[in-house]
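Right, one structure below, let's go through it.
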Amino acid sequence: MSFEDVLSAKISDKSVAQKQLILTFKERPHVSKSKIDANEDSKYLNVGESASTVYGETSQRYISAQNISYDLILSIYDVNSSALFCARAYKTVLPLEPKIASFLKSLHGPHLEARLIGMQNNQDIEILKEVMKMQKKYKIPIFEVDLFGNATRNIALDAKVGMSFDILLGDRLYRPGELLNKTTLEQFERTIKSPS
């Protein structure tokens, strides 16, 4: 059974958002922030933003996001061309569909991998239902799911190899509980300009 089939089955269960859901082929490695920031090699996304890159000598290798909590990172990677699209969304992904369609149209004979990372326990899952409709429409295989839980995430997506990495913000491993989310949903919503 594919990850997209598992995720579709899980989100039909109202209790899915009660604990962390991880579907992956291997544990996510980490990378130091100083490494991805070297030579301005990373584009950082805020909530409501998206970006794309194609790995090469003149483009940024990473698309990254810090302090992911109630929002969702959606990435689509083409193995054949090393092209990467990432978006950081909250509440809805529908405004992203034209950008996703344009990115997919630019690819020739793609071999795609999608990743979904973010959100907190007991959060509304409507955004995931939207994602799954798009996944089905464009036939994009899902290769990683890391949803819910009670921690913030700092993620770098690598256009060279297509993998996701946990960013070590202080260039060191985190202490137990250090990433625990201390921001309420109301506080989070006040920090963003408008839901995307």
Determine, yes or no, whether Ser82 is among the small types (Gly, Ala, Ser), open to solvent by less than 30 Å² (accessible area, probe 1.4 Å), touching a residue at least 60 places away in the same chain (Cβ under 8 Å) and at positive phi.
yes
Among the residues listed as Ala9, Ala17, Ala51, the single one being open to solvent by less than 40 Å² (accessible area, probe 1.4 Å), at pLDDT 90 or above and over 15 Å from the mean Cα position of the chain (by Cα)
Ala17
Filtered residues of the range 36-69 (kept if touching a strand residue (DSSP E or B) at 6+ places or on another chain (Cβ under 6 Å) and among the small types (Gly, Ala, Ser)):
Ser42, Ser50, Ala51, Ser52, Ser59, Ser64, Ala65
Residues located in the range 112-144, provided they are under 20 Å from Gly48 (Cα atoms), assigned to a strand (DSSP E or B) and of a type outside the set (Lys, Arg)
Ala114, Leu116, Ile117, Gly118
Residues in the range 25-45 that are part of a strand (DSSP E or B) and not aromatic (Phe, Trp, Tyr): how many?
5
Flag if Gly56 is over 15 Å from the mean Cα position of the chain (by Cα) and either closer than 30 Å to Lys136 by Cβ or open to solvent by 20 Å² or more (accessible area, probe 1.4 Å) (or both):
yes
So, in the range 60-69, of the ones that are open to solvent by 30 Å² or more (accessible area, probe 1.4 Å) and not in a strand (DSSP E or B), which residue ends up modelled with the lowest pLDDT?
Gln60
If Glu178 meets every condition in (1) under 28 Å from Ser52 (Cβ atoms); (2) surrounded by 11 or more Cβ atoms within 10 Å (Cβ to Cβ) apart from one, which number is that one?
(1)
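The values are calculated or read from the model by the stated rules, or taken from the named source; none is laboratory data. What you see is a predicted model, and the numbers here were worked out from it, not measured in a lab. With ideal geometry, Cβ positions are generated from the backbone for all residues, glycine too; neighbour counts draw on all protein chains shown. Note: areas computed on protein heavy atoms with side chains; ligands, DNA, RNA excluded. Shrake-Rupley method; radii C 1.70, N 1.55, O 1.52, S 1.80 Å.
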